[in-house]
Every structure is written in structure tokens, then in C-alpha cells.
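Working notes for the structure below.
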Amino acid sequence: MTAAAPVRRVVIAGASGFIGARLAEAFREDGAEVALIGRNGPDARWGDAAAIGALVDGADLLINMAGKSVNCRYTPANRAEIFRSRLDTTRQLHAAIAAAARPPTLWINSSTATIYRHADDRPMTESTGEIGEGFSVNVATSWEEELFRGTLPGTRRVALRMAIVLGDGSALGPIRALARAGLGGPQFDGRWLATRARRAAGTFHEYRPRTKNGRQRFSWVHLDDVVGIIRFLDAHPELEGPINAAAPHPTDNRIFMASVRRAVGARFGLPTWRWMLEVGSAVIRTETELVLKSRWVLPERLESAGYRFLHPHHEEALAHIVGGSSRT
């Protein structure tokens, strides 16, 4: 009679969010013991170093998805919280690993594909991508610097540079609602006045000129592939450092919005120009950068290592999400 394999322990920070909740569900389905760290626990709360340390010590896998949503106005208070919620939580996990007698083998920390520059001339990969500028990029680079700071000899570290994640919720929710309301046309960039404060803070999406005619690139990844990528990273010890989590076939804003309209059965979609986006984003308390920045990111390292995407094309991904639940 052979002994049963030991139950793996997976610790997920930020599991109350759209991605973290699905990861917790997926690893429980795999038979793992899943522990959660968050503002309200349930297994450990931020700021409780002893409780966090007890969970991390002996864990097989640590995943950090904590961080305030960037879908907000970049006020001074919100900017400070976006930074704090990423850097402080990553710093606490770093300290817990450094103090652990049995540190986790793998630490995957959320990052963002927004770290790359506005790109409509060529795709950005881990080896050839150029880091951008501005507030969002400063957040991403500071986040990764905190993750990779110092030595943690027993723990492999990965910064998961995620493109916009598509699933039944999150960013796709309001996009589907706009399409159903007849407002699912392309979003056009253009000139707009900037205040001195926004320029100084790096929060102004500047027209230089930017990409015209709604052709800003749109990189994305299906929620099921986020789960699949993390499982793949867990099984491939040769992968560490920055990893682009983006589908291999990005599209552009005009084509993506047309696909959303077809998926929800909308017959037409009115386009929106920069001035309309600026006014509308102020009303709904968000920023135009989220739809006007051209994100063209390819998963070079994942594909080279042999990862096969469950949803490589956005039309099929949208049909899968709109037509039913997203599950791996």
C-alpha cells in the first residue's frame, strides 16, 4: 500500500478580487489546501505579520493578487492607495518568506502589461519590450522592484505581467453594457488639454499624436488562461522573472468592440471621441488611459516554454464568456 501524496498548500493574497477568487476555487478543485490573506482574512489579515508568516512558512505556492483597482480617477488619494496596496502587501510577503524556515518554492506576484510603452509600431515581449512612462508605469516598475528586491534563495519569483483579463466580470462587464446600450463603437484618441497637476503626476494620456481611428492595440487574456498559466508556471521551475500573461493574438480597439457587439447581439455601436471619453470618464470616475493606451504584448516566454492557450482568439473567448461560465 503506497502512502498518499501530501496535500499541497497554496496561499493566495487578494483572493476577494475577480482573479483571486477564481484561483482559490481552481486550486481547491485540484485538491490543494488553500489559505487566504486579505483585508478581512479569513486566514490572515494584512498587518498581522505572525499570521501571514505562519501561512507562508511551509506553503508550496504563494500567489499575490492584492492591489486597489486602477479603474478609478487618479486623484492624489487614489494614487497613494494604488501604490500602497501593491508595495506594502508585497513587502509584507517578502518579509514573511525571508523569515520562513520552509519558504514557498514559488512566489507569483501580480504585475501588469501596462508596464510597456504605448505601442502601435511593434509588439512588446519580455526580451524586446520597452518600459513606458507615467503614473501607471511607475506603479508597475516599483511593484516589480519590491518583488525582486534582495535574495530569497529558496523561492523562485515571477512577476505576472497581465494584460486585460476577460471573464464574467471585471473589465468586460461595463464594455458589454455599453454595447447593449448602442455605445459599443470604437474609442478615438485625439487632443485634449491637460492641467499642470496631471502632467506632473504622470496621469495624463498625452496625444503626440497617438494612434488614430480606434486602432490602438488591445492585448487581453482569458481568465481561464490566467489559471492555466499559473498552473504551468508551478510545473516549470525553469521559468522565473517577468512573464507576459497575454493571449498570442492581440487585436485592436475597433475590431474588439465590433466583436463585443456581435457577442451580445447589438446591431450597431456609436463611436466615442476623446472629448466624449474625457467627460464620460470624469462622470463615472475612471481614466481615459484605460481605453486609449495602445497595449501590444506577446507571451514570448510562455510560448517558448510550451504553454498552449485555451483561448488564443478573442472572438472565441468572448463567445465562451457571454455564452456560459468560464472554467478550466
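The table that follows gives values for the structure above.
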{"read-out": "All helices (runs of 4 or more DSSP H) inside the stretch 145-238 with 1 or more residues being surrounded by 21 or more Cβ atoms within 10 Å (Cβ to Cβ) and of a type in the set (D, E, K, R)", "value": "223-235"}
{"read-out": "Residues located in the stretch 167-216, provided they are in contact (Cβ under 8 Å) with a residue 40 or more places away in the chain and hydroxyl-bearing (Ser, Thr, Tyr)", "value": "SER170, THR203, TYR207, THR211"}
{"read-out": "Qualifying residues in the stretch 85-112 (those that are part of a loop (DSSP other than H, G, I, E, B) and surrounded by fewer than 16 Cβ atoms within 10 Å (Cβ to Cβ)) - the one farthest from the chain's Cα centre (by Cα)", "value": "ALA101"}
{"read-out": "Verdict on ARG79 being out of contact with any helix residue (DSSP H, G or I) (no Cβ under 9 Å at 6 or more places or on another chain) and either surrounded by 22 or more Cβ atoms within 10 Å (Cβ to Cβ) or within 30 Å of ASP189 (Cα to Cα) (or both)", "value": "no"}
{"read-out": "Members of the stretch 277-328 found to be part of a loop (DSSP other than H, G, I, E, B), of a type in the set (Gly, Ala, Ser) and buried (at least 19 other Cβ atoms within 10 Å of the Cβ), listed by number", "value": "SER294, SER326"}
{"read-out": "ALA21 of a type in the set (Gly, Ala, Ser) and either within 24 Å of GLY154 (Cα to Cα) or modelled with pLDDT of 95 or more (or both)", "value": "no"}
{"read-out": "Hits in the stretch 239-267 (condition: hydrophobic (A, V, I, L, M, F, W, C), under 30 Å from ARG8 (Cβ atoms) and surrounded by fewer than 22 Cβ atoms within 10 Å (Cβ to Cβ))", "value": "LEU239"}
{"read-out": "Subset of the stretch 273-298 (residues that are modelled with pLDDT of 95 or more and either farther than 27 Å from LYS212 by Cβ or among the polar types (S, T, N, Q) (or both))", "value": "SER294"}
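Yes/no matrix, rows are residues, columns are (1) modelled with pLDDT of 95 or more; (2) closer than 18 Å to ASP168 by Cα; (3) among the small types (Gly, Ala, Ser); (4) in contact with a helix residue (DSSP H, G or I) (Cβ under 7 Å, 6 or more places away or on another chain):
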residue	(1), (2), (3), (4)
HIS222	yes, yes, no, yes
VAL226	yes, yes, no, yes
LEU233	yes, no, no, no
HIS236	yes, no, no, yes
ASN244	yes, no, no, yes
ARG254	yes, no, no, no
ALA263	no, yes, yes, yes
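The values are calculated or read from the model by the stated rules, or taken from the named source; none is laboratory data. This is a predicted model, so every value here is computed, not measured. As a convention, Cβ positions derive from the backbone with ideal geometry for all residues, glycine included, and neighbour counts pool all protein chains shown.
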